[in-house]
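The values are calculated or read from the model by the stated rules, or taken from the named source; none is laboratory data. Just so you know, these numbers come straight off a predicted model, no measurement behind them. So basically every Cβ, Gly included, is an ideal-geometry build from the backbone, and we count neighbours across all protein chains shown. The area values use the complete protein model at the heavy-atom level, side chains included, leaving out ligands, DNA and RNA. Shrake-Rupley method; radii C 1.70, N 1.55, O 1.52, S 1.80 Å.
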Amino acid sequence: MKVTRNIIAAAGFVAVASFAHAGYFADFESFSSGQRLQGIDGWKGWDNVSKVAGLVSKSVAYESDRSVMISGIAQSSTDAVKQIAGATSGAWSVSAMQYLGGNQKGSTYFILMNKYADGKNNNAASWSTQLRFDLAAGRVYDDYRGGSVAISTNAWASIRVDIDLTANTVKHFYNEMLISQGTWTRGGASANALAAINLYTGAKNVAYYDNVTVSSASELSSAARVPTQGAFVTMAVAGLIAMPRRRRK
């Protein structure tokens, strides 16, 4: 199934030039369907293992033709990582559109790391956000701070995480509903930084993500802008943006 949305017209975006070293946006349109995102546009598999990297798909798309598929069906697991550089102070917002088909089981995860290095992620304090989408229960949970809201299936839904590294706080939203809020760091071994996005499933389910965005406070407070694929860009549009996952040994 292919789903498309013209968010530029609906949201009233105004195009401007990209700003270097400000944020990130990916709509996956410049990649080929079936392409594995390994060493491409900053994406790779966990620990740089190519076989668990995300796959570009034309099955479902929020905008235009493509999204990234996080599947435990097409392969036994998907563990896609996008590293982020330069987010070490100030306020940041990470957002994505997510599509979950109905009648699925198991959990799929949206994770943000405060530290990430291939082969060196053995401390639980490196995980700051772990949103667990429990497909059988029909809810998304914050595994670390508590809180949950009902999830939508067979429809695109927004995920947004607002982080203030200066204040060391975080808020998690799903379809603009507050899931949880609290402290960004999770112990003395945490870094006061945003280091990586991690999209993961080890169960027999599929999630699709589109319009993955990282925006700084200066971007969010400026006029609305159209981002470009793979570039550091400005964007300001409100709303577009237990059983914890076992740490890797």
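Order the following by accessible area, largest value first: Glu63, Glu176. Probe radius 1.4 Å; ligands, DNA and RNA are ignored. Please list the in-between numbers first.
Values: Glu63 30, Glu176 90 Å².
The ranking, largest first, comes out as Glu176, Glu63.
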Using a 1.4 angstrom probe on the protein heavy atoms only, line up Thr129, Thr153 by accessible area, largest first.
Thr153, Thr129
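Within the set of other residues whose C-beta is less than 14 Å from the C-beta of Thr185, count the net charge using Lys and Arg as +1 and Asp and Glu as -1.
+2
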Could you tell me the ratio Rg/Rh of the stretch 98-187? Both radii from Cα atoms, Rh via Kirkwood.
0.99
For the stretch 148-211, which semi-axes, largest first and in whole Å, follow from the square roots of 5 times the eigenvalues of its Cα gyration tensor?
25, 15, 11
Proximal charge balance of Ser76 [Cβ under 10 Å; K/R count +1, D/E count -1]
+2
List the pair-distance distribution P(r) of the stretch 13-172, using every Cα-Cα distance, as the percent of pairs falling in each 5 Å bin from 0 up to the bin containing the longest distance, rounded to whole percents.
2, 8, 15, 20, 22, 19, 11, 4, 1
Site Asp164, offset 7 angstrom along Cα→Cβ, radius 20 Å on amide nitrogen, limited to the stretch 75-98, gives 87-95
Quick check: net charge around Leu131, other residues with Cβ under 10 Å of its Cβ, Lys/Arg +1 and Asp/Glu -1?
-1
Project the alpha carbons of the stretch 69-140 onto their principal axes and report the range along each, largest first, in whole Å.
41, 28, 20
